[in-house]
Amino acid sequence: MNKYIAYFNDSSCQSLRLYSSIDSLESYQNFSNIQQLNFLEENEMLIVLIPSVLVTSYEDHKNEDVSDDIHLANFSSSIDNTIVNQISDNNFIFHEGVGYIIENSIIEDFNKSLTLLNTNILLTPEYSFFAEADRDIIIEFDNKYFFSYAEGSGTSITNQSLQEYSQLIKNNNHNYKPTIYSNSDSLKKLFPDNKSKEFSLDMFLDRDINLLPNFYKFFFSYNSLKSKFNFTSMQFGSLIFSLILILLMPLLIINDNNKNAEAYKNATFDIFTSINSDIKNVVRPRSQIDSIMSSAPLREKDNDIKLPSLEFLDLINTANLEKILISFNQSTATITIKDMPSLQFKAIKALAKKMNIVILNEETISLDNSVSGLIEVSIDNE
């Protein structure tokens, strides 16, 4: 994987130098802003070094028995006197026993710009990149001195402040013996017992950079999503429409179900009021209908309706029997026959008379020794 290091020329974080592992980081290209790095590919790594003056860091060890929120509150309270602006204006990042503080506006600007690049990104402080595990080191690079401490914190200073700052560190820590990557005469005088080593950027690329704190977070916006997934305007519009539809669909379904429930409620109420006009509200339909039915007066039967004995119909060929209509109100049965042999018809009439079945009306016609028409008989209701 090709790796690139973006090193800003000053704390404005505009113009930068881009070092590449392709040429062993020995040379660099100048760019006026991060957006110009859009040529980087997704299988490459861009390491963006945040100017040390923009990031404050403190040694911090979290109590595992407390929540993240309580830990943040305790940490911010402990360093409150050292922060110039409001606590809420800052972003706090905790990594491997170190608490980092950077202004919200700064980290947001970084994330907005870097999200538009289609490559892997590591956003970390300069002194975190120029660090060695469990060792105090001082590195001279680009006319600045980077102090990286064993516990993970650090800073950077100019040559004008080197004497004063180094003396302050030595006074506070008499055992301070850093590894020095510099040929500076000033550092040799300040730390005469420490041997100096040659410095090169590529020596820090051989380690696992995933162990470094990464301040980068994807910034969600129209431009970032469009750029990250390489959508055309039409494709992105379709995606947004689909997402909106997915989000709205449950609401539409709920609204439709509510309408159906209201219609069912109204229909149920109409049924109840048609049964009993005194009904004002339907709360429990099943129990209320049971109550109405139990309190309704039963209609007494004047007599029992009995079907006549129609065994004589067994003599009728089903092919000749079209239908039977029974009128309980008139106590009659109307039998429709078609193309019944004349002899069979006469036998049925004789059998009906023998069984005391009264033929009330006969509307039949005889043709070619067959009979078709209607026979109306009485039903005995006694």
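The values are calculated or read from the model by the stated rules, or taken from the named source; none is laboratory data. In this text the structure is predicted, and so the values were computed from the model without any measurement. Here the Cβ positions follow ideal geometry from the backbone for every residue, glycine too, while neighbour counts run over all protein chains shown.
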Quickly run through region 14-72 and pick out the residues that are small (Gly, Ala, Ser) and assigned to a loop (DSSP other than H, G, I, E, B).
SER15, SER24, SER27, SER32, SER67
(1) surrounded by fewer than 18 Cβ atoms within 10 Å (Cβ to Cβ); (2) more than 22 Å from PHE147 (Cβ to Cβ) all hold for TYR58 apart from (2)
Count of region 169-185 residues which are assigned to a helix (DSSP H, G or I) and not acidic (Asp, Glu)
4
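Only one of SER166, SER156, SER128, SER113 is in the same structural domain as GLU42 (by TED's automatic domain parsing), in contact (Cβ under 8 Å) with a residue 12 or more places away in the chain and part of a strand (DSSP E or B); which?
Details: SER166 fails: part of a strand (DSSP E or B); SER128 fails: part of a strand (DSSP E or B); SER113 fails: part of a strand (DSSP E or B).
None of the others qualify; the one that does is SER156.
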Residues satisfying the stated conditions in region 186-200, i.e. part of a helix (DSSP H, G or I) and either surrounded by 14 or more Cβ atoms within 10 Å (Cβ to Cβ) or touching a Leu at 6+ places or on another chain (Cβ under 7 Å) (or both):
SER186, LEU187, LYS188, LEU190
Which residue pairs have Cβ atoms closer than 9 Å, lie 6 or more positions apart in sequence or on different chains, and pair a first residue in region 255-267 that is under 18 Å from ILE279 (Cβ atoms) with a second residue that is surrounded by 10 or more Cβ atoms within 10 Å (Cβ to Cβ)?
LYS265/VAL282
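Can PHE94 be described as of a type outside the set (S, T, N, Q) and crowded, with 20+ Cβ neighbours inside 10 Å? Step through it out loud before you land on a result.
On the way: of a type outside the set (S, T, N, Q): yes; crowded, with 20+ Cβ neighbours inside 10 Å: no.
The answer is no for PHE94.
Among the residues of region 105-148, how many are among the basic types (Lys, Arg) and more than 29 Å from PHE199 (Cα to Cα)? Before you say what the answer is, go through the steps one by one.
Filtering region 105-148 down to residues among the basic types (Lys, Arg) leaves 112, 135, 144.
Cutting the leftovers down to more than 29 Å from PHE199 (Cα to Cα) gives us 112.
Number satisfying all stated conditions: 1.
Looking at region 201-221, which of the residues that are in a loop (DSSP other than H, G, I, E, B) and among the hydrophobic types (A, V, I, L, M, F, W, C) is nearest to VAL98 (Cα to Cα)?
Taking region 201-221 and keeping what is in a loop (DSSP other than H, G, I, E, B), we get 205-208, 212-221.
If we keep only those that are among the hydrophobic types (A, V, I, L, M, F, W, C) as well, we get 205, 212, 215, 218-220.
Values: LEU205: 22, LEU212: 11, PHE215: 13, PHE218: 23, PHE219: 24, PHE220: 28 Å.
Within region 201-221, the match that is nearest to VAL98 (Cα to Cα) is LEU212.
Take GLU42 and decide whether it is touching a Ser or Thr at 6+ places or on another chain (Cβ under 7 Å), acidic (Asp, Glu) and more than 14 Å from LEU122 (Cβ to Cβ). Before the answer, list the steps.
Values: touching a Ser or Thr at 6+ places or on another chain (Cβ under 7 Å): yes; acidic (Asp, Glu): yes; more than 14 Å from LEU122 (Cβ to Cβ): yes.
Yes: the conditions hold for GLU42.
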